[in-house]
1. So which lysines can Lys241 reach, going by Cα to Cα under 16 Å and dropping same-chain residues fewer than 8 places off?
2. Is there a pair in Lys214/Lys243; Lys243/Lys448; Lys272/Lys362 whose C-alpha atoms are over 31 Å apart, and which pairs would that be?
3. Which three lengths, in whole Å and largest first, does segment 371-457 cover when its Cα atoms are put on their principal axes?
4. Hey, got the Cα dimensions of the chain along the principal axes, in Å, largest first?
5. Explain nothing, just compute: Karplus ³J(HN,Hα) = 6.51 cos²θ - 1.76 cosθ + 1.60, θ = phi - 60°, for every residue of segment 7-13 in order, whole Hz, x for Gly and Pro.
6. Identify, among Ile379, Ser365, Ile321, the residue whose Cα sits farthest towards the positive end of the charge dipole of segment 284-425, taking +1 on the Cβ of Lys and Arg and -1 on the Cβ of Asp and Glu, with the dipole about the Cα centre.
7. Across bins of 10 angstrom width beginning at 0, how are the C-alpha pair distances of segment 87-151 distributed, in whole percent?
8. Against the longest alpha carbon principal axis of the chain, how many degrees, from 0 to 90 and to the nearest 10, is the axis of helix 441-456 turned?
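What follows draws every value from the coordinates through simple rules; no lab data is involved. Keep in mind the model is a prediction, meaning the values are calculated, not measured. Please note: Cβ atoms are built from the backbone with ideal geometry, for glycine as well, and neighbour counts cover all protein chains shown.
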Amino acid sequence: FFLRYRYVILCVGVLCLTAICCNYSIINFTFICMTEDANDVVDNGNGTTRQRYAYSPTEKSAILWAVAAGTIVGTFPINWAYVRWGARYPFFLSGLLSAVATAVSPWAAHAHLYLFILVRFLQGIAYAADFAAIGIIVVRWAPLTQTAIFISFLTCFSPIAQIVTNPLAGAFCTSSFGWRWAFYFHAIVTLLFFLLWVVIYKDDPQYHRSVSAKELGVIHEGKTKEHIERDSFVPYWEICKNKTILVVWFNALTELIGYIIMLSYAPTYINKVLGYSIQETALLATIGSAIHFPLKVFCGVLSDKITIVSEKVKMWVCNTISVGLAGILCGLIGVSPTPFLSVFCLIASTSIMGMNAGAFYKCGSLHSRQYGHFVLAMIQFSKCVALVIGPLMVAALAHSDEDAAGWRIIFIVNAVLMMIANIAFYFTATDKPAEFTKITRESMEKEKSDSEIDKVA
């Protein structure tokens, strides 16, 4: 056990990441259940009533945008907090915020739409903690030879959330408890997971009493002095202008736009456009995530274990499947002649996106080394942008939930963007550390001192 403590950190990290993701995504399925709550109506003021939760497409988009806005606002402050204080307490506080926001969501939705949007905004701030936490765990606890394995597990929180949340929400919706208990249950579980996190996690393995000297050697093997002796310094500008990192972020953005649209709107599309029942929708909307999860883990392990081909070739193959082929399948969703083929393409596209752990994720982490937490945090920022662009595209192009022509355009646009990103990846992918990984606070101060001496001379 004491030779494998990093896996304990990994597992608890996955649970906490998944909990926060579940909390913001519950609404994707409960939208369907809430509109069937015939007892909860509001007076229109003209002698008629309407169902309280019969949100228009614009109102639904606003509810989803609120999470994106909160995540955008929270990304940089939370990343700064991680750099300044590590992940233990900032991530714990983010988990508490997510739990509280989830618990009060039914009350807020009943009270007023704007109050519900505010609570969703707070969930977005908490959600901003996820990707920076992944970066910190990978940088501090993952051996270089297990980078893809750690990334594959830690980034599978979205599909796990769909596997867990859709069936649970469906079960609560059709039970005597009702849809509100889907929120209460998730809030309670989130609180328990984050209490476990704050008890077992420490930011540096060398100071953790459960980490043996042998395991510490495994974690630090192959890492540079700058990687091990990290501080709060980050060369932000040098990272942001690196072409490899920019292409990594572009791939992440295009894939995330497609993934978020397919996951967020899959229940609506399957139910309203393809005509499946609520029970069938709950199952079909979950299958892609159920395959995505083991495929992501399998790909991560395979990417680290295969040594007969170079890292670059492995990243090319994984990116071609997870971004390029997934994009093609995304485009086919709206043009398939039968509902079955549409569902098949949707499930296949979301499933093979799981291979991204050995693709742009691995490239970004290996290229940025000790600054990987910032690169992965910016992928989170890409997710924020995707959370805005996705609902915006749906609101602009799909005039109603049943607008099949609008959905067709949405899927084709996503497909084109993903294929362009995949082509760009071929020209920039590398596993070598970037020049900016040699930049530290000490090197910057030395360079500044040398420059001042030269001026005096």
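1. Once the sequence-local lysines are set aside, what remains near Lys241 is Lys438.
2. Lys214/Lys243; Lys272/Lys362
3. Result, largest extent first: 73, 26, 22 Å.
4. In descending order, the Cα extents are 86, 52, 44 Å.
5. So the Karplus estimates, Gly and Pro as x, are 6, 5, 4, 4, 5, 5, x Hz.
6. Of the options given, the answer is Ser365.
7. With a bin width of 10 Å, the distribution comes to 22, 35, 24, 14, 5, 0.
8. Taking the Cα atoms of the chain, the angle to 441-456 is about 60 degrees.
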